[in-house]
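The values are calculated or read from the model by the stated rules, or taken from the named source; none is laboratory data. The shown structure was predicted, so the numbers you read here are calculated from the model rather than taken from an experiment. Counting neighbours? That spans all protein chains shown, and the Cβs are built from the backbone with ideal geometry, glycine included.
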Amino acid sequence: MSNHAAGDGTVGKAIAVLDQIAVCERPVRFSEILKESLYPKATLYRLVQTLTNQGMLNYDEENGTYALGFRLVKLAHSAWRQSSLAPIARSFLDLLATETDETLHLAQMNDGQVLYIDKRNAASPVEMFSSAGKTGPGHCTGVGKAILAYMAPKDQAKALTRQSFFQYTKNTIITENALKSELVEISKTGLAFDHEEHEAGIICIAAPILNSRGRAIGAISLTSTTNRNSIQSLKAHTETLKNTAMKIAKAAESWQFPN
């Protein structure tokens with residue numbers, strides 16, 4: 001259920017339905033939506049029909065299933081062009097990928113969660129959770145911690161309340177105090193790490209992309225596996241990574257991004 005649904009009336013309820021269907025990552029029947037919904041059947045049916053009529057959902061009559069509609073795709077592309085760092089950062093990521101030959105991620109933060117908005121694979125790609133369009137936790141990802149460390153105190157406090165502190169691996173930070181301590185260190189060095197905290201065998205270094213006020217508008221990470229690298233060997237790319245983050249930040253100066 002969307003965090004915005006409760007106090008946002010019909011619009012909030014409709015967005016919650018879209019969120020619910022999106023999480024499934026496959027077409028679903030009305031009965032499946034109803035099973036997980038907090039809304040009465042009649043209310044849910046009305047919301048689903050309105051969303052379908054508006055092109056936000058697509059109904060497959062043959063299979064009796066609902067999926068996200070193409071109107072959402074158009075809106076997503078528009079949002080990507082207007083509010084995302086991805087178009088600005090593309091050429092810088094291409095160059096960094098050539099120089100490092102490692103997996104790169106570009107991310108921004110939404111409601112305390114990481115939104116991956118672009119990715120470059122290494123020459124020998126490695127299967128991992130992250131891909132453009134996916135969301136991930138802030139508390140145990142390099143890009144998440146890099147952004148959190150450079151948020152305004154009030155915004156950081158709010159973002160921390162959005163963390164589940166779920167333990168994905170034995171190395172995952174699972175308390176707010178431990179995370180805060182690490183964020184202080186990150187704010188001093190400008191570099192964040194993922195020590196196999198989200199996925200076993202996956203490590204990364206990450207740098208924040210800072211606006212003129214020193215607040216993070218995003219982050220980039222250089223990711224590898226423990227079979228190929230160590231955190232120490234990835235640190236050899238620290239200056240290149242930070243310089244790329246600075247170039248993206250400078251290119252983004254004339255744009256207005258959510259902070």
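What to note about this one:
- For residue 170, the requirement of being among the basic types (Lys, Arg), at pLDDT 95 or above and within 23 Å of residue 211 (Cα to Cα) is not met.
- Output for the stretch 174-193, where each listed residue is hydroxyl-bearing (Ser, Thr, Tyr) and either part of a helix (DSSP H, G or I) or modelled with pLDDT under 95 (or both): 181, 187, 189
- In the stretch 31-59, the residues that are of a type in the set (S, T, N, Q) and part of a helix (DSSP H, G or I): 31, 43, 49, 50, 52, 53
- Just so you know, in the stretch 108-152 the residues that are polar (S, T, N, Q) and closer than 14 Å to residue 194 by Cα include one that is modelled with the highest pLDDT, and it is 141.
- Checking 118, 155 one by one, the residue that is of a type in the set (D, E, K, R), part of a strand (DSSP E or B) and either under 20 Å from residue 250 (Cα atoms) or over 15 Å from the mean Cα position of the chain (by Cα) (or both) is 118 and no other.
- Only one of the listed residues (211, 227) is assigned by TED's automatic domain parsing to the domain that holds residue 97, surrounded by 15 or more Cβ atoms within 10 Å (Cβ to Cβ) and modelled with pLDDT under 95. That residue is 211.
- Residue that is β-branched (Val, Ile, Thr) and closer than 17 Å to residue 236 by Cα, where the choices are 169, 161, 175, 189: 189
- Filtered residue count, the stretch 226-254, keeping only those that are more than 17 Å from residue 186 (Cβ to Cβ) and within 20 Å of the chain's Cα centre (by Cα): 3
- Per-region count, the stretch 159-190, residues under 22 Å from residue 220 (Cα atoms), surrounded by fewer than 19 Cβ atoms within 10 Å (Cβ to Cβ) and in contact (Cβ under 8 Å) with a residue 40 or more places away in the chain: 3
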